[in-house]
Each structure stands twice: as structure tokens, then as C-alpha cells.
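See below for the structure under consideration.
The values are calculated or read from the model by the stated rules, or taken from the named source; none is laboratory data. Source: prediction; values computed, not measured. Cβ coordinates were reconstructed from backbone atoms using ideal geometry, including for glycine residues, and neighbour counts include every protein chain displayed. Note: accessible area is taken over every heavy atom of the protein model, side chains too, but ligands, DNA and RNA are not part of it. Shrake-Rupley method; radii C 1.70, N 1.55, O 1.52, S 1.80 Å.
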Amino acid sequence: MKITNPFKSKTFKKILFSIMILFILIFGGYTYWKYYFTYSEGYRAGLLQKFSHKGTIFKTFEGEMILSSVASNTNVAIASEKFLFSVDDNYIAQRLDTLQGQIIIVHYIQKNAALPWRGNTAYIVDSVKKIKE
């Protein structure tokens, strides 16, 4: 009686190849959903409080806006929240750098997670407009 190695059979190789392809497809789909799929997009208006170029390995543009919901008589925000965002376009980054301390409207796209070379936040600003005073 001849003993054959089951790991050398064509059926086993086909099954192993199918499992590897399935794993690659699942991993690729998860990676796309987690880092590249646009979860939401919209606009935010507020005071551009901070904008910087920072990072240890990957230098990214990071910004912070104050979104005021209630203003006092002297146009000072009483109740507010911060909107932290990243910018991956150099032209938009240059525009934002000149608009610090002003009220602006930004268009953002939100991903499910951040990539280190794209920014520190899941919110990526792709356009900016200054509000006329």
C-alpha cells in the first residue's frame, strides 16, 4: 500500500489557493472600507483658531476650528465646540495658513479612520471659503 502526502494533492492546492484569494479579498475590502471609503461629507463654519504643519515621521497639515453655537452681544462665542481636521492638499493648506483668526466655511470628507501620511484626524478638508465680514 502506497502512502501519499495529502498536502501534495491537486485538490488541497486548489482549496489552499481559494482560501488565500478569499483572505486577500476580505483584507482588501476591509482596508478600503476603513481608510478610503467616504463615511460622510459636509460643511462646517467657524473661527479658524489654529493651523500647523506637524508630525514626527509624516509631516501633515492639522487645523482646529471653533464652532460657536451661541454668541454674546459682543460677538464672542459662549458655547462652542472644536472641529479638528487634516488637510492633504498644499494649495488648501496655504489658503488656510493665511486665514487664521478669521471665520471660514470648510468642506470636509470623513473617513472611518486616519492614515498617518494623510493626517491625524478622520476629517479631511478639501475646500475653504472665507465668510465676508
Between (i) 50, 40, 28; (ii) 35, 35, 24; (iii) 96, 29, 21, which entry matches Cα extents along the principal axes in Å as derived from the coordinates of this structure? (iii)
Restricting to lysines and to Cα separations under 26 Å from Lys13, and discarding same-chain partners fewer than 8 apart, the set is Lys2
With a 1.4 Å probe and all protein chains in place, put Leu84, Leu47 in order of accessible area, largest first. Leu84, Leu47
Positive-end extreme of charge dipole, the chain - chosen from Ile105, Ser40, Met65 (charges on Cβ): Ser40
Test item: Cα-centred dipole of the chain, Lys/Arg +1 and Asp/Glu -1 on Cβ, debye: 1020
For the cross-link pairs Lys34/Lys129; Lys59/Lys82; Lys34/Lys132; Lys82/Lys111; Lys54/Lys132; Lys14/Lys111, which exceed 26 Å when the distance is taken from alpha carbon to alpha carbon? Lys34/Lys129; Lys34/Lys132; Lys54/Lys132; Lys14/Lys111
Please work out how much accessible surface Ile19 shows to a 1.4 Å probe, ignoring ligands, DNA and RNA, in Å² rounded to 10. 100
